[in-house]
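The values are calculated or read from the model by the stated rules, or taken from the named source; none is laboratory data. These figures come from a predicted structure and were not determined experimentally. Every residue, glycine as well, gets a Cβ built from its backbone with ideal geometry; the counts of neighbours run over all protein chains shown.
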Amino acid sequence: MYYYEVIPIGQMVFNGFTYKSDKKLEIGQRVIIDLRGKFLPGLVYKESETTEFDKIKEIAFPLDNKSFLNEKHIKLMEKVSSKFMAPIGEVARLFFPPLSSDIYKLRITPKSSFSPIQKPIFYKQFLKSFDNASKANKQLREYLDSNLIEIELYRKEITKKIDKFVSLKMDLKEMWKFNVSKSAREVINYLSINGETLESDLYSQGILKKGSTVLNTLWKKGIIELSEGFPIYEENTEISLNDEQRQAVEAIKANSDKPHLLYGVTGSGKTEVFFEVARPILENGGKVLLLVPEISLTSELMIRLKKRFANYNAAFYHSGLTSSERVQTWYKAVNGELDLVIGTRSAIFIPMKDLKMIIIDEEHDQSYYQIENVSYDAIDTACFRKDLEDIQLILSSATPRVIDLYKAKANFFYLEKIHTRYFTEMPEVQIVDMKKDEKYNWIFSKKVVENIEISLKKNKKVIVFTPTRGYANYVICSDCGYIFKCDECDVSLTFHKNERKLRCHYCGKESELPNFCPKCGGFKLQTRGFGTERVMAELAKLFPSQPLVRVDRTVIKTFKDLRNTFNFMKEPGKKIVVGTKMITKGLDIQDLDLVVILDADRYFNFPDYNAQESTASLLMQVAGRSGRKEKGKVIIQSFQPENHIYKSLIDHNFDLIAENDLEQRKIYGYPPFVTLFMILVNNPSADKAKAKANEIVEELSKIENQVDIEILGPVVPIISKLRGNYRYQIIIKSKQKNHDFLYSTLKKHFRDIKIYVNPPTTLV
């Protein structure tokens, strides 16, 4: 008999449980275990020699016939759990694809004619015969012990469909003579903008629905060409790099012992640099993982990758895919069938076979830090993988994280800088003083309206950036001052005029705007502030005949919405694009002439240690969308034009901001000079939340002097109530290299608290 410590995958546990097996299992192998009457997936964590327990449960059966994790992956799991103080059961789940896919099913098969189950059925069907899962599992256990049935994993065979390459065959003028459907026009528009692509891309990006006959129809009409495999591209095509790009490539190739921070201004060709570095890795059989912060960027990069590396297999891995699609990609990656994987944050945990390089694009983006569920930093995780698996790591950004610039300065990272744009000059940046300059209306200055008009006359595009969505930031009763707030969250409700809805952008709760004040019964309800919807309405009045596009989470709800909107934006010709942060995610529009930034001041005043860095990064990224082919212009409206960040923006000097921010962080004690722990206490009762927070602070105060920590709080955070829970916040600053001192508190109170380690913001 063999004994193993097994971690229940996806459970809030900090250690494994001892199980036995009559068969030898591999460390890292997935199995099915009975935990408290439920059949759950578990991970064989380590061998156990103990037999001190009278009743040790037996592992029900293996989920996989081998382990997909090696010793280094197990160490990475431990490292992530330790660093981010996360339950190891939840961390283990991150290493595997979704188990909910129909590819996986537990099948119950009769072993005896006396079995009450006469034919094979799936576990989910069996559960339906009982009032609750506990009764069902108890009965199933009895059947198993009596040897009446057996349980096996049923894995549906995945049939490999040959992915066809789709390209336009006919001239655009000729093809529009044909009477084609709306779906066919979408395909033609996509191909005319993006060029040839794979059939699977058209499905994954929502251009076509599965089972559609559109491609076959277009092929019969001679409009498109369908061919198996990729088009023939010249191998080892020489890319024309400038001196700075070439120096960066050579430096990265020559030094692999530390991570490389590729720091180049927007439009400087950083992507071409890491493509060149990836080439020899792929040629020698190595695999490459490329992370991006936003789903929308995966397709754009995939097209470029396929043109550059035509003979290599590449795939997406992100939440926009179906569960089964992610499972397929995961298996291909761990079996070595994929050379390149492009993914968002979660892809950092894929145990890719022969992984030799990780590239993290737009590494400054806060979305690399997971806030919901188990919290972790994908960039720190990539650094752990680099050390454990001896792989190359490249972090790339025009506005790197201040903490990473500090690491480069301290020689923990190599630093490669690119100061000049690849095609053009940096855009001209102008600041409009909203206290003095002439206004067209209360949202736009006269200078902004005039410049939008000039750009449209040149048949160019304009981006108008505003921090928030909706029509108005809040609604107030002018009789009594009542502000409409969310019942579940302590935040004002955003007004969406088109739907006449009040919506909470935190919990999603929405309601109709009433005709009177619920407090005083008054009818004088006024909207205050503005968001994308209001900006669009005002622009429609100013430029009634011009095409307008809105980009925010209200109008873009699915991956298909996102791709269709971005494809429309890239079509040649004048357009006004109004958007929130979504338009800063590496979007490359060739004929973008002008970027307008509204209400930038609001970010400076956030009570957050990271406010200066995140504001400067956001504004520089938005500004950097302008003038990718010809010199563009950026206009920023501000009531605080004297702010030093604007001076840095005009000079395109992020170094100045980083140096100033590091100086302030050193004085006041923030990362990277300390480790910052943020503990959030949540409870439906305000009194219980407060009592729990005080109890935790009291416990930590007893060891405060022994371990050199500073405790701040508990305090009520800016959002005192979220999704029905009252919240208290505790900040701990520590100069300790390890944080074992917090583990006893975490394990004691983990059901009531959430811990974040060096979060990118304290405004969670």
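Inspection of region 298-311 identifies no residue that is acidic (Asp, Glu) and touching a strand residue (DSSP E or B) at 6+ places or on another chain (Cβ under 8 Å). When residues in region 147-180 are screened for being at pLDDT 70 or above, surrounded by fewer than 13 Cβ atoms within 10 Å (Cβ to Cβ) and part of a loop (DSSP other than H, G, I, E, B), 4 of them pass. Where residues in region 341-362 are in contact (Cβ under 8 Å) with a residue 60 or more places away in the chain and under 12 Å from Ala315 (Cβ atoms), which of them is surrounded by the most Cβ atoms within 10 Å (Cβ to Cβ)? Selected residue: Met352. What about Asp552, is it at pLDDT 85 or above and on the phi < 0 side of the Ramachandran plot? Here the answer is no, as Asp552 does not meet what is asked.
Taking the criterion of being assigned to a helix (DSSP H, G or I) and within 20 Å of the chain's Cα centre (by Cα), the residues of region 246-298 that qualify are Thr271, Ile295, Ser296, Leu297, Thr298.
Among the residues of region 705-713, is any outside the structural domain of Asn605 (by TED's automatic domain parsing), touching a Ser or Thr at 6+ places or on another chain (Cβ under 6 Å), surrounded by 14 or more Cβ atoms within 10 Å (Cβ to Cβ) and not in a helix (DSSP H, G or I)? Yes, region 705-713 contains at least one residue that is outside the structural domain of Asn605 (by TED's automatic domain parsing), touching a Ser or Thr at 6+ places or on another chain (Cβ under 6 Å), surrounded by 14 or more Cβ atoms within 10 Å (Cβ to Cβ) and not in a helix (DSSP H, G or I). Return yes or no: is Val551 farther than 28 Å from Tyr190 by Cα and assigned by TED's automatic domain parsing to the domain that holds Val577? In short, no. If you take the residues of region 647-688 that are free of Cβ contacts under 8 Å to residues at least 60 places away in the same chain and among the small types (Gly, Ala, Ser), which of them is farthest from Lys733 (Cα to Cα)? Of everything passing the filter in region 647-688, Ser648 is farthest from Lys733 (Cα to Cα). One residue stands out in region 410-425 among those that are under 28 Å from the mean Cα position of the chain (by Cα) and surrounded by 15 or more Cβ atoms within 10 Å (Cβ to Cβ): the one that is nearest to Ser626 (Cα to Cα), namely Arg421. Among the conditions (1) free of Cβ contacts under 8 Å to residues at least 60 places away in the same chain; (2) part of a loop (DSSP other than H, G, I, E, B), the only one that Glu698 does not satisfy is (2).
Of all residues in region 189-201, none satisfies being at pLDDT 75 or above and surrounded by fewer than 13 Cβ atoms within 10 Å (Cβ to Cβ). Restricting attention to region 4-25, the residues that are over 19 Å from Arg36 (Cα atoms) and surrounded by fewer than 17 Cβ atoms within 10 Å (Cβ to Cβ) add up to 3. Taken together, the residues in region 235-291 that are of a type in the set (D, E, K, R), surrounded by 22 or more Cβ atoms within 10 Å (Cβ to Cβ) and in contact with a helix residue (DSSP H, G or I) (Cβ under 6 Å, 6 or more places away or on another chain) amount to 0. Checked against (1) closer than 28 Å to Arg625 by Cα; (2) within 26 Å of the chain's Cα centre (by Cα), Ile431 passes all but condition (2). Going through (1) closer than 20 Å to Lys20 by Cα; (2) surrounded by 21 or more Cβ atoms within 10 Å (Cβ to Cβ) one by one, Phe61 falls short only on (2).
Within region 317-358, being over 23 Å from Lys386 (Cβ atoms) and part of a strand (DSSP E or B) holds for no residue.
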